[in-house]
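First the structure, in the form of structure tokens, and then the observations on it.
The values are calculated or read from the model by the stated rules, or taken from the named source; none is laboratory data. These numbers were taken from a predicted model, which means no experiment stands behind them. Here Cβ is always computed from backbone atoms with ideal geometry, including for glycine, and neighbour counts include all displayed protein chains. Keep in mind that these areas ignore ligands, DNA and RNA; they rest on the heavy atoms of the full protein, side chains included. Shrake-Rupley method; radii C 1.70, N 1.55, O 1.52, S 1.80 Å.
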Amino acid sequence: MRTAEATRDSRRYEIVDGRLLITGPQPPAHHAAVLALMVLLKNACPPDLLVAVGSVAFRPTTHTTLRPDVLVCHRDAPVIQPPLLAVEVLSPATRTTDVVLKRSLYEQHGVPSYWLLDPTNQELTILELTPTGYECQAVVQSEETVDVTQPFPLTLTPATLTN
């Protein structure tokens, strides 16, 4: 089995500091939010960038392989360079991992934008990397909208991503 692969049993395998991290099957609301966000990002994505859902892993070290729910990266170096955007869709089983562990790892390895989408609460948290770490740029709820410029210009509304 290759590292950080989604398998037929719907589990996601990642490696953090040489330790295997297994995420079990996700609820339908999680999958719906991932697909809605993927479509929105793909429709706005410039041709030199790639929007990936589960097919591209970020390997910042030989002992760490991460697979965000959605990522945006340069087409010519998807695994070598940090993605421009990593998105994790929260679920009860992954909330702590996504909010604490993955936030720390993405920050440590220079991922410029990290979004947390909570389909249950219809909430999107947008974090941007600064010289001192991630800084919250916005917490957007339900029908509220936010205009982002990173990784490219886009208008987001959590309710449209989580219904």
_Percent accessible area from carbon and sulfur atoms, the chain, protein chains only, probe 1.4 Å_ = 54
*So what are the three principal axis dimensions of the chain from its Cα atoms, in whole Å, longest to shortest?*
41, 33, 31
*Per residue, how much space in cubic angstrom lies within the convex hull of the C-alpha atoms of segment 81-142?*
71
*So what is the accessible area of the chain per residue, in Å², with the probe set to 1.4 Å?*
50
*asked:* Which order do the peptides 68-75, 35-42, 15-22, 144-151 come out in when sorted by mean C-beta neighbours inside 10 angstrom, highest first?
replied: 68-75, 35-42, 144-151, 15-22
